[in-house]
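These notes are about the structure you will find just below.
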Amino acid sequence: MAEHVLVAGGAGYVGAHACKALARAGYVPVTFDNLATGWEAAVKFGPFVRGDLMDRAAVDAAMAAWRPVAVMHFAARSLVGESMRDPGAYWRENVGGALNLIEASVAAGVGEFVFSSTCATYGDQDGVLLDEDTPQRPINAYGASKLAIEQMLGNFGESHGLRSVIFRYFNVAGADPDGEVGEKHEPETHLIPLMLEAVEGKRGALTVFGSDYGTADGTCVRDYVHVADLAEAHVRGLRWLRDGRGSRVFCLGTGTGYSVREVIEHARVVTNRAVPVVEGARRAGDAAALVCGSARARDELGWEPQRGLGEMIRDAWRWSQSGGY
Ligand code: UDP
């Protein structure tokens with residue numbers, strides 16, 4: 001019988017793509033999601049349990065019903081700006097929800113846990129390439145909440161033998177190349193979908209958040225990674241744990257940084273249309289540059305990103321034009 005993996009947040013952007021990759025690899029992804037930011041229409045690759053991580057009994061019931069061999073945890077608030085306006089929501093829901101899920105996993109005898117963390121745990125490091133050994137100094141509540149969960153996993157590893165793979169994502173972008181799932185946030189705050197909606201005339205001009213950073217063109221630099229590549233890394237992370245290789249942290253990025261202006265230029269080329277842009281103030285909590293300098297995922301997991309920024313924008317553009325969910 002195929003093994004089940006409980007996927008908290010499987011109805012969200014990254015979670016849905018990971019479910020597809022898990023199903024392709026022969027697992028049954030069981031999505032556990034409260035649909036606060038996810039979409040039931042995104043649950044296409046396995047069963048759906050509507051539930052909230054803040055409700056420990058609901059998590060225990062899902063464990064008992066589906067007997068997963070492992071857990072993947074994608075369910076979280078993930079917006080830097082929002083986390084600066086409402087830090088309490090991040091500490092309560094991200095940290096509290098993760099604690100329930102981790103304790104329920106231990107109680108159910110699930111020994112393997114894959115966790116979505118973020119390069120936002122590093123804070124602003126003045127242009128250095130970030131890798132797994134870079135000290136973490138978050139500058140916003142989102143990054144702080146994710147760092148707390150990383151530490152929690154370390155404690156549960158020591159005390160209860162829970163084995164975890166922690167993935168620190170850089171900027172996830174694009175959509176399933178087959179068009180089955182894609183990015184949809186309500187409200188949308190991410191650069192690439194906002195930019196494409198501006199191109200299509202679905203909203204006004206894109207505001208560039210700050211052009212006075214100490215980067216080459218003054219706009220923020222990020223390392224964009226295709227969501228399908230990221231999903232593939234999760235399958236490899238799960239296999240790593242199933243092979244008994246123990247707890248490990250991996251950064252997931254491409255090693256190449258693009259400024260906001262460079263992303264806009266790529267979109268102009270891919271869509272062959274003008275991108276309406278206005279310059280605005282900095283967004284609170286933004287680091288100047290976040291670029292992944294790590295080779296660990298490549299060397300140890302054999303993971304190599306297959307798609308560049310042009311393909312991310314192309315797949316996001318196709319998804320956006322198809323009307324999405
Ligand atoms: N950004 C921007 N205008 C927008 C949205 C984002 O200039 O309307 C910038 C933002 O400041 C950051 C980059 O684009 O430097 C990526 O932001 P996003 O919100 O997509 O991801 P994050 O880096 O916050 O995870």
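So here's what we get for this one:
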| read-out | value |
| --- | --- |
| Dipole magnitude of region 19-148, debye to nearest 20 (Cβ charges: Lys/Arg +1, Asp/Glu -1, about Cα centre) | 420 debye |
| Simple label model, 7 Å out from Cα along Cβ direction - R203 to H160, nm | 3.9 nm |
| Full-extension gain in nm, D55 to D212, via 0.36 nm per residue minus C-alpha separation | 52.1 nm |
| For E279, residues with placed amide H under 5 Å, excluding near neighbours | V208 |
| Among V181, H160, L130 - extreme Cα towards positive end, dipole of region 119-214, charges at beta-carbon | H160 |
| Net charge contributed by nearby residues that have their C-beta within less than 12 Å of P138 (K/R +1, D/E -1) | +1 |
| Spin-label pair R92/A107, simplified geometry with 7 Å Cα→Cβ offset, distance in nm | 2.2 nm |
| Separation between Cα centres of region 189-231 and region 258-325, rounded to whole Å | 7 Å |
| Region 12-39 versus region 104-155: alpha-carbon centroid distance in Å | 21 Å |
| Per residue accessible area of region 37-121, 1.4 Å probe, in Å² | 41 Å² |
| For region 202-307, size of Cβ-based charge dipole, Lys and Arg +1, Asp and Glu -1, in debye | 400 debye |
| Spherically averaged projected area of region 236-325 from its Cα convex hull (nm²) | 8.8 nm² |
| Dipole of the chain, positive end: most advanced residue of V14, L290, A141 [Cβ charges, Cα centre] | V14 |
| Residue-count net charge about D86 - beta-carbon cut-off 14 Å; Lys, Arg +1, Asp, Glu -1 | +1 |
| Apportionment of accessible area to carbon and sulfur, the chain, percent (1.4 Å) | 47 percent |
| Per-residue HN-Hα couplings for region 159-176 [Karplus 6.51, -1.76, 1.60; θ = phi - 60°; Hz; x = Gly/Pro] | 8, 10, x, 5, 9, 10, 10, 9, 9, 9, 7, 8, 8, 7, 8, x, 8, 3 |
| All lysines inside 23 Å of K146 as judged from Cα atoms, apart from same-chain residues fewer than 8 positions distant | K184 |
| Rg ratio (alpha-carbon, reference 2.2 N^0.38 Å) - the chain | 0.95 |
| Charge context of A175, other residues only, Cβ under 13 angstrom, K/R +1, D/E -1 | -2 |
| Hz values of 3J(HN,Hα) by residue in region 276-291 - Karplus curve (6.51, -1.76, 1.60), Gly and Pro given as x | x, 9, 10, 8, x, 6, 4, 9, 4, x, 7, 7, 5, 8, 9, 10 |
| Beta bridges per DSSP with both ends in the chain, % antiparallel, nearest 5 | 5 percent |
| Relative contact order (percent, whole number), region 169-249, Cα cutoff 8 Å, 6+ residue spacing | 35 percent |
| Relative contact order computed over the chain (Cα-Cα under 8 Å; 6+ residues apart), in percent | 20 percent |
| Acute angle (nearest 10 degrees) that the helix 56-66 long axis makes with the longest principal axis of the chain, alpha-carbon atoms | 70 degrees |
| Candidates G161, G280, G237: whichever shows maximal mean-square fluctuation once the chain is modelled as a Gaussian network with Cα springs under 10 Å | G280 |
| Accessible area per residue, Å², region 168-325 with all protein chains present, probe 1.4 Å | 42 Å² |
| Cα-based shape type of region 178-241, given that a ≥ b ≥ c are square roots of the gyration tensor eigenvalues and the cut on a/c is 1.5 | oblate |
| Candidates V235, V110, V278, ranked by Gaussian network fluctuation over the chain, Cα under 10 Å, top entry | V278 |
| Dipole magnitude of the chain, debye to nearest 20 (Cβ charges: Lys/Arg +1, Asp/Glu -1, about Cα centre) | 340 debye |
| Built amide H within the under 5 Å cut-off of C220, gap 5+ | V260 |
| Vicinal HN-Hα couplings computed from phi for region 206-219 (Karplus, 6.51 cos²θ - 1.76 cosθ + 1.60; Hz; Gly/Pro x) | 6, 8, 7, 7, x, 10, 10, 6, x, 9, 4, 10, x, 9 |
| Placed amide H near T118: partners under 5 Å, 5+ positions off or other chain | Y169 |
| Estimated FRET transfer efficiency (Q321, V278; beta-carbon r; R0 25 Å; 0.05) | 0.55 |
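The values are calculated or read from the model by the stated rules, or taken from the named source; none is laboratory data. What you see is a predicted model; the values in this text were computed from it and never measured. Heads up, the Cβs are rebuilt from the backbone with ideal geometry, glycines too, and the neighbour counts pull from every protein chain shown. The protein model used for the area step is the full one, side chains on, heavy atoms only, and it has no ligands, DNA or RNA in it. Shrake-Rupley method; radii C 1.70, N 1.55, O 1.52, S 1.80 Å.
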